[in-house]
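The values are calculated or read from the model by the stated rules, or taken from the named source; none is laboratory data. Worth saying up front: this structure is predicted, and the values here are computed from it rather than measured. A quick note on method: Cβ atoms are made from the backbone with ideal geometry, for glycine too, and the neighbour counts reach across all protein chains shown. Quick note on the areas: whole protein, heavy atoms, side chains included, nothing else; ligands and nucleic acids left out. Shrake-Rupley method; radii C 1.70, N 1.55, O 1.52, S 1.80 Å.
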Amino acid sequence: MKILVATEKPFAAAAVNGIRGIVEGAGHQLALLEKYTEKSQLLQAVSDVDAMIVRSDKVTAEVIAAAPNLKIVVRAGAGYDNLDLAACSERGIVAMNTPGQNSNAVAELALAMMIFMSRNQFTPGTGVEIKGKKVGIQAYGNVGRLVAEKAKVLGMEVMAFDPFVPAEKMIEDGVTPAESLEQMYEQCNYISLHIPAIPATIGSINYNLVSRMPKNGCLVNTARKEVINEAELEKVLTDRPDLKYVTDVAAVHQADLDAKFPKQVFATPKKMGAETAEANINAGLAAAQQICDYFATGCTKFQLNK
Ligand code: 3PG
């Protein structure tokens, strides 16, 4: 089988070597399309492949139509809003992700961002410590749990809101379950977003929520830009010059936000939450193994479009 790694943002070399070892070791062929800049390059590359591994690369109906032999696509990572699952299902293509494999890298970045904003973006001046402050985790999944665990070690109080996780589980972890999102925003100095971009969450981080944060509150987004209501975020930052927004997923109008709120807002130049050697290796190798297992045994663990 021919397995394509299509990554606009490439994996570390060690991860690519590991993927090659797994793919070739199982008797398959590896093809690489890295740092591509045009959609046409992706459409060309998929024309004869049986499987593909992607990161945030968009696997649209057009890409699927250009890949007549495609049987399985694995998103090496957690969020799969870049995969057209309906188009995959229509063609009988198995779609998977690799949950948990890059979570630690994202959790470390979320905490680093809290400290960075609390120390005036590493510019001169008096900052504040995160010790003794309260962080609210919005979605207590793989990343949210790791942020909670690390925040506690740093002396923070942790609250979480997740309608899909029982309160007992949070209490067991030493985390206070929030009764509502509103309550969490009202009580927490930092809010760390770990929600996926799905219809229920898109545009949901709005004026009503963010304006509830206490004085000098900081919203941290290592999730997806789509969950933010950008116009309302701009309004709340205007009305509340004490609030801060730090993000690893730049807004559509990020340049405007940067220009208008240089002290309140910071965005990484390119999404870097999962950009560690470890996360690349964990997610890349897991993706390769999942594809080889699927071809060898039909294993569909982690299938998203069942
Ligand atoms: C994920 O959903 O796994 C993260 O957002 C990482 O995305 P990336 O592979 O594009 O860095």
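Which residue is nearest to the chain's Cα centre (by Cα), if the candidates are limited to the stretch 242-268 and must be over 19 Å from residue 114 (Cβ atoms), of a type outside the set (Asp, Glu) and open to solvent by 50 Å² or more (accessible area, probe 1.4 Å)? Looking at residues that are over 19 Å from residue 114 (Cβ atoms), of a type outside the set (Asp, Glu) and open to solvent by 50 Å² or more (accessible area, probe 1.4 Å), I get 252. Restricting attention to the stretch 82-137, the residues being in contact with a Cys (Cβ under 7 Å, 6 or more places away or on another chain) and among the basic types (Lys, Arg) number 1. Kindly establish whether residue 180 is of a type in the set (S, T, N, Q), open to solvent by 30 Å² or more (accessible area, probe 1.4 Å), out of contact with any helix residue (DSSP H, G or I) (no Cβ under 8 Å at 6 or more places or on another chain) and closer than 25 Å to residue 146 by Cβ. Criteria met by residue 180. Would it be correct to say that residue 97 is open to solvent by 60 Å² or more (accessible area, probe 1.4 Å) and closer than 18 Å to residue 271 by Cβ? For residue 97, the condition - open to solvent by 60 Å² or more (accessible area, probe 1.4 Å) and closer than 18 Å to residue 271 by Cβ - is not met.
Taking into account only those residues within the stretch 70-86 that are within 18 Å of residue 290 (Cα to Cα) and part of a loop (DSSP other than H, G, I, E, B), which is farthest from the ligand (Cβ to nearest atom)? Looking at residues that are within 18 Å of residue 290 (Cα to Cα) and part of a loop (DSSP other than H, G, I, E, B), I get 71.
Given the structure, is residue 115 surrounded by 21 or more Cβ atoms within 10 Å (Cβ to Cβ), away from the ligand (no atom under 16 Å from the Cβ) and either under 11 Å from the mean Cα position of the chain (by Cα) or not polar (S, T, N, Q) (or both)? Spelling it out, it is not the case that residue 115 is surrounded by 21 or more Cβ atoms within 10 Å (Cβ to Cβ), away from the ligand (no atom under 16 Å from the Cβ) and either under 11 Å from the mean Cα position of the chain (by Cα) or not polar (S, T, N, Q) (or both).
Within the stretch 208-228, no residue satisfies the criterion of being within 14 Å of the ligand (Cβ to nearest atom), of a type in the set (Ser, Thr, Tyr) and surrounded by fewer than 23 Cβ atoms within 10 Å (Cβ to Cβ).
If I filter the stretch 58-82 down to residues being open to solvent by 10 Å² or more (accessible area, probe 1.4 Å) and closer than 19 Å to residue 9 by Cβ, which single residue comes out as farthest from the chain's Cα centre (by Cα)? This residue is 60. Here residue 226 fulfils each of the conditions (1) in a helix (DSSP H, G or I); (2) out of contact with any Lys or Arg (no Cβ under 9 Å at 6 or more places or on another chain); (3) more than 25 Å from residue 274 (Cα to Cα) apart from (3).
Residues that are among the acidic types (Asp, Glu) and assigned to a loop (DSSP other than H, G, I, E, B) within the stretch 24-66 comprise 38, 50, 57, listed in sequence order. In the stretch 188-217, the residues that are under 19 Å from residue 273 (Cβ atoms) reach residues that are among the acidic types (Asp, Glu) and in a loop (DSSP other than H, G, I, E, B) with C-beta atoms within less than 8 angstrom, at least six apart or across chains, in these pairs: 196/81; 197/81; 198/81. Among the residues of the stretch 1-15, those that are within 14 Å of the ligand (Cβ to nearest atom) and either open to solvent by less than 20 Å² (accessible area, probe 1.4 Å) or touching a Pro at 6+ places or on another chain (Cβ under 9 Å) (or both) comprise 5, 6, 7, 11, 15.
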